[in-house]
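Enquirer: Next up is a structure, given as structure tokens.
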Amino acid sequence: MHGMKKPCTLTSHSGLRGEYEGARADYTVGQDWRAYTPEMHERWRRLHARQSALVRRYACSSFRKGLARLDCADGIPRFEDANAILASATGWKLVAVPGFIPDEVFFDHLAHRRFPVTRWIREEHELDYLVEPDVFHDFFGHVPMLLDPAIADFLELYGKAGARAMAMDALPMLARVYWYTIEFGLVREDGALKVFGAGIISSHSETVYAIEDPRVLRLPFDPVRIMRTGYMIDEFQKTYFVLESLPQLIDSLVDLDFGPIYEKWREAPALPAGECLPGETPCDPKRETAT
Ligand code: HBI
Ligand code: FE
């Protein structure tokens with residue numbers, strides 16, 4: 001998730017949190033699974049149980065299948081176990097990281113089908129949402145979708161797009177694509193709205209809100225509209241974009257030349273989240289507020 005935030009200095013002392021000192025040049029570390037305490041595993045079990053109950057009702061079928069395959073209810077999973085499953089499914093591999101890593105390093109991992117997973121777990125007072133990634137967000141939220149071929153291909157494409165976006169001074173525009181899909185994306189399934197974004201599905205209250213709240217603006221997926229739309233990292237989203245299917249994500253982007261789009265919109269102020277443009281039709285006609 002976690003838009004443009006840079007690695008930050010952390011003040012809390014929860015074991016492995018934010019230890020960048022021992023990291024390799026590519027910011028990877030060992031998961032050091034044995035360092036997790038029984039309390040940390042217990043916290044994972046509670047988070048897992050609470051979110052799994054919502055997953056049944058609100059998550060897309062790919063997420064539900066992926067989560068079931070990962071079989072990770074009993075405690076903080078070993079990344080190497082997930083890697084055995086990922087290798088045969090989509091060729092992705094998890095690498096442990098201490099937290100946020102620099103943009104170019106993050107992109108390089110994705111471009112090579114390596115997904116950085118933060119190794120530390122959130123503390124008791126942060127159970128619902130935190131602005132930085134932890135192992136619950138990264139693993140529970142993201143890894144089930146790495147087993148879906150369309151998402152697997154999209155993430156590699158996103159990683160490969162990073163260098164050009166940075167060179168063209170358009171990183172915020174590219175980051176919005178990740179934000180509004182991989183983190184906060186919705187997909188229609190058998191007529192109903194379902195969650196596939198990790199930022200939603202790893203948050204108890206945002207999962208219900210994203211699907212049920214009538215004040216939310218849900219717009220049809222549109223790459224250029226997304227690249228122009230700002231977002232907030234510390235409150236619920238005001239706009240979500242809805243895919244008609246997961247393959248639509250990669251199909252609509254694989255042949256799209258981002259360069260001219262960056263050039264056209266780079267200098268323009270971001271469209272505020274939660275607002276419709278003239279002529280736009282929200283996905284959800286029951287929406288209450290017409291901003
Ligand atoms: N690092 N660990 C981690 N996780 C992220 O989601 C992440 C990151 N670094 C950069 C980043 N995201 C984004 O700013 C890019 O997608 C643009
Ligand atoms: Fe994330």
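Enquirer: Using only the alpha-carbon atoms of region 202-283, report the extent along each of the three principal axes, biggest first, to the nearest angstrom.
Expert: Rounded to whole Å, the extents work out to 38, 30, 27 Å.
Enquirer: Hey, fewest Cβ within 10 Å first, where do MET145, MET232 land in order?
Expert: Lowest to highest Cβ neighbour count: MET232, MET145.
Enquirer: List the longest stretch of the chain that has no exposed loop site; here a site is one of the trypsin sites (Lys or Arg not before Pro) assigned by DSSP to anything other than H, G, I, E or B, with at most 12 other Cβ within 10 Å.
Expert: Values: sites that count: ARG24, ARG215, LYS286.
In short, 25-214.
Enquirer: Same structure, new question: Give the residue list of GluC sites (Glu not before Pro) in region 180-283 that are DSSP loop and have at most 15 other beta-carbon atoms within 10 angstrom.
Expert: For GluC sites (Glu not before Pro) across region 180-283 that sit outside H, G, I, E and B with at most 15 neighbouring Cβ atoms in 10 Å, the list reads GLU235, GLU244, GLU267, GLU275, GLU280.
Enquirer: Also, I was wondering about something else. Mind jotting down the distance between the C-alpha centroids of region 16-51 and region 106-155, whole Å?
Expert: Taking the Cα centre of each part, region 106-155 and region 16-51 sit 12 Å apart.
Enquirer: Would you please give the FRET efficiency between ASP251 and LYS160, computed as 1/(1 + (r/R0)^6) with r the Cβ-Cβ distance and R0 = 22 Å, to the nearest 0.05?
Expert: After rounding, the FRET efficiency stands at 0.85.
Enquirer: I've got another one for you. Give me the extension gain from ARG266 to GLU123: residue separation times 0.36 nm, minus the current Cα-Cα distance, reported in nm with one decimal.
Expert: 47.7 nm
Enquirer: How big is the C-alpha Rg of region 33-208 next to the rule-of-thumb value 2.2 N^0.38 Å, as a ratio?
Expert: So region 33-208 has a normalised radius of gyration of 0.99.
Enquirer: Give the separation of the Cα centroids, region 205-263 to region 156-182, in Å.
Expert: Taking the Cα centre of each part, region 205-263 and region 156-182 sit 14 Å apart.
Enquirer: For SER52, SER62, SER205, what ranking results if the residue with the fewest other Cβ atoms within 10 Å of its Cβ goes first?
Expert: By the 10 Å Cβ count, ascending, the order reads SER205, SER52, SER62.
Enquirer: Where does the chain land at 222 nm, in deg cm²/dmol rounded to the nearest 500, when only DSSP H runs of n ≥ 4 count, each adding -39500 (n - 2.57), divided by all residues?
Expert: On the way: 12 runs with 115 residues, N = 291.
Mean residue ellipticity, 222 nm, calculated: -11500 deg cm²/dmol.
Enquirer: Could you list LEU110, LEU277, LEU193 so that the one with the fewest beta carbons within 10 Å of its beta carbon is first and the one with the most is last? Walk me through the numbers before you get to the answer.
Expert: Numbers: LEU110 23, LEU277 10, LEU193 18.
Going from sparsest to densest Cβ surroundings: LEU277, LEU193, LEU110.
Enquirer: Going by the alpha-carbon gyration tensor, a ≥ b ≥ c the square roots of its eigenvalues, is region 149-208 rounded (a/c under 1.5) or, if a/c is not under 1.5, prolate (a/b greater than b/c) versus oblate?
Expert: Values: a/c = 2.80, a/b = 1.90, b/c = 1.48.
Prolate, since a/c reaches 1.5 and a/b exceeds b/c.
Enquirer: Take MET232 and ARG215, extend 7 Å from each Cα along the Cα→Cβ direction, and tell me the distance between the two endpoints in nm.
Expert: 0.9
Enquirer: A follow-up question, please. Among DSSP beta bridges lying fully in region 33-208, give the percent that are antiparallel, nearest 5.
Expert: Details: 4 of 10 bridges.
Bridges in region 33-208 are about 40 percent antiparallel.
No lab work stands behind these numbers, since they all come straight from the coordinates. What you are looking at is a predicted structure, and each value in this text was computed from that prediction instead of being measured. Methodologically, a virtual Cβ is constructed for each residue, glycine included, from the backbone with ideal geometry; neighbour enumeration extends over all protein chains shown.
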